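Presented below is the structure to which this report refers.
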Amino acid sequence: MNDFMNKDDKNDVILGTAAHELEQMVEQVCELIGTPLPETTELQRQVLAAFGFGAVYSITHRDRLAEAQAHALSIRMLIKPFNYSEQQAVDFADDLIRVASNEKTHPVMNTIIHRGINGHIQFTQEDFEALARNIQEILAAVQEQS
């Protein structure tokens, strides 16, 4: 069947599968913190989005996605499930890329992104206890700082 799919169709399938995986992870994380995504504060939503961006990086590495695919996946994740507008998602994705590339830009956000990489591994291994601890520690630390 793959012989009949063009490159764009394969790309759509890969990104669609990855986007679905991210949505499931975000849903699981929200369940673990006991707060549905629509009920999170803006700060919590930003933290969860940065954590999710770490998962994007993990998926990108695992699936050997191209830079353009990773960027598209980041934007897609910020639009759905996080409900940012398209322009907000593009701007936020660019900020997350900048932060992930240079720890000194925003050390706290960089740490959250890297914890999200670990969180994705915990999610795929169904280690929900560790995933819950991971995200709860981050949220507690961020709440203390604000």
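Of note:
- Flag if ILE14 is out of contact with any helix residue (DSSP H, G or I) (no Cβ under 6 Å at 6 or more places or on another chain) and part of a helix (DSSP H, G or I): yes
Okay, residues lined up against (1) loosely packed, with under 12 Cβ neighbours inside 10 Å; (2) in contact with a Gly (Cβ under 6 Å, 6 or more places away or on another chain); (3) under 23 Å from ALA130 (Cβ atoms):
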residue	(1), (2), (3)
ASP8	yes, no, no
CYS30	no, no, yes
THR40	no, no, yes
ALA72	no, no, no
TYR84	no, no, no
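- Residue match in segment 59-73 (condition: more than 16 Å from THR17 (Cα to Cα) and within 11 Å of the chain's Cα centre (by Cα)): no
- Of the listed requirements (1) more than 19 Å from ASN134 (Cβ to Cβ); (2) crowded, with 20+ Cβ neighbours inside 10 Å; (3) touching a residue at least 60 places away in the same chain (Cβ under 8 Å), ALA18 misses just one: (3).
- Among residues of segment 25-37, those that are within 11 Å of the chain's Cα centre (by Cα) and either closer than 19 Å to LYS10 by Cα or free of Cβ contacts under 8 Å to residues at least 24 places away in the same chain (or both), counted: 0
None of the figures in this text is laboratory data; all of them are computed from the coordinates on show. Quick caveat: nothing in here was measured; it's all calculated off a predicted structure. With ideal geometry, Cβ positions are generated from the backbone for all residues, glycine too; neighbour counts draw on all protein chains shown.
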